[in-house]
Structure formats: structure tokens, C-alpha cells
Amino acid sequence: MDVLSAIHGRRSIRKYTEAPVAASDVRDILAAAMAAPSAGNAQPWRFVVVDDRALLEAIPAFSQYAAMAAKAPLGILVCADLTSEKYPGYWVQDCSAAVQNILLAVHGKGLGAVWTGVHPMKDREDGFRRLLGLPDSVVPLGFIVIGHPAQELAPQDRYDEAKVHWNGW
């Protein structure tokens, strides 16, 4: 799959089969995440892979938009370790780039995923902090729910000329 096909063909998948995600696929997905750019090459990202059924089922109690986690085989919590930042505050961009790489890698593997927001919602941050025992220096940015798709969504052309400005507003 070429990169433009991956970008335009990727969709948010919220329904999954019960099939587990292979450990080799998880490793490849995480390697793609860690290939993202980061400010000063600080790579502040940290990842918590969640495949324990009880943990996945507990997530919707504090993160309502991650309800599909209860029936998914896997999730990856993308976090930042603030002690590893070179340029404070850029962790959001750094971790967001890692999330996008995860989404594209998942799609490239023939799997499906959806990015569910955590930061800056304190209740969601605290929920993941409690559930997964995150240290105080670690901030969760987003939870990516992953699995074998049980739905197929067609690519969409979202280009909107009205949102493009050349050489000024």
C-alpha cells in the first residue's frame, strides 16, 4: 500500500471481530509510532498496551467515547513522560505524530483502529492513571482501540478548497 492510499483509505473503525491482534503486528505498530518526529528528537512518548479483557471492559466507565474498547481485543494508550521533554509543551505534537503513525500502521496491516481522546479531559486522564498505574510524570494523550475490522468504510475525499489559503489569509 502506498502512503497516499494509506492516508486516504484509513478510516476510524469502531467494530471489531474477536480475533486477537498478533504480537508481531503490535511490535510493528509500536515501531511505526516510535518513528514519528519529535521536538529536539526527545521522543517523550510512552505506550501502554492493553489486551487484558477486564481492563478493556473498565475503560468505558470513565472514557465514554471509548465504549468500543469493551469489545476490542487491544488498545494502546499513548502517553508522554514529561521528564523526558527537551522543549516543554511540545509533547502534545510529538505524541500526536506517534498516534497518526499508529493509525496508518494499523491500516497498513489490514487492521482497524479509532483514536479516542484523553488529554486534556482530566476525568479521562485520571481514569487511565488509576486503571493502569501511571506515574505522576506521565500524561495520557489518547487511547487507540485496535482490532480486526467487523465493518468496512469506504475512503472519503475530504479535500476542501475553502480551507486553503495561499501566501496569506
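None of the figures in this text is laboratory data; all of them are computed from the coordinates on show. Everything numeric in this text was worked out from a predicted model, so none of it was measured. We place every Cβ from the backbone using ideal geometry, glycine too, and count neighbours over all the protein chains shown.
Taking each residue of region 76-95 that is within 21 Å of V50 (Cβ to Cβ) and looking for partners that are part of a helix (DSSP H, G or I) and not hydrophobic (A, V, I, L, M, F, W, C) with beta-carbon atoms closer than 9 Å, six or more apart or interchain, yields V78/S96; A80/D94; W91/S84. A70 - would you say it is among the small types (G, A, S), farther than 16 Å from L104 by Cβ and touching an Asp or Glu at 6+ places or on another chain (Cβ under 6 Å)? So A70 fits the description; yes.
Count of region 107-130 residues, restricted to those that are over 18 Å from V49 (Cα atoms) and free of Cβ contacts under 8 Å to residues at least 60 places away in the same chain, is 4. Among the residues making up region 70-99, a single one is in contact with a strand residue (DSSP E or B) (Cβ under 8 Å, 6 or more places away or on another chain) and among the hydroxyl-bearing types (S, T, Y): S96.
When you scan region 130-151, do you find a residue that is surrounded by fewer than 18 Cβ atoms within 10 Å (Cβ to Cβ), part of a loop (DSSP other than H, G, I, E, B) and in contact with a His (Cβ under 8 Å, 6 or more places away or on another chain), even just one? No, region 130-151 contains no residue that is surrounded by fewer than 18 Cβ atoms within 10 Å (Cβ to Cβ), part of a loop (DSSP other than H, G, I, E, B) and in contact with a His (Cβ under 8 Å, 6 or more places away or on another chain).
On inspection, I13 qualifies as in contact with a strand residue (DSSP E or B) (Cβ under 6 Å, 6 or more places away or on another chain) and in contact (Cβ under 8 Å) with a residue 40 or more places away in the chain.
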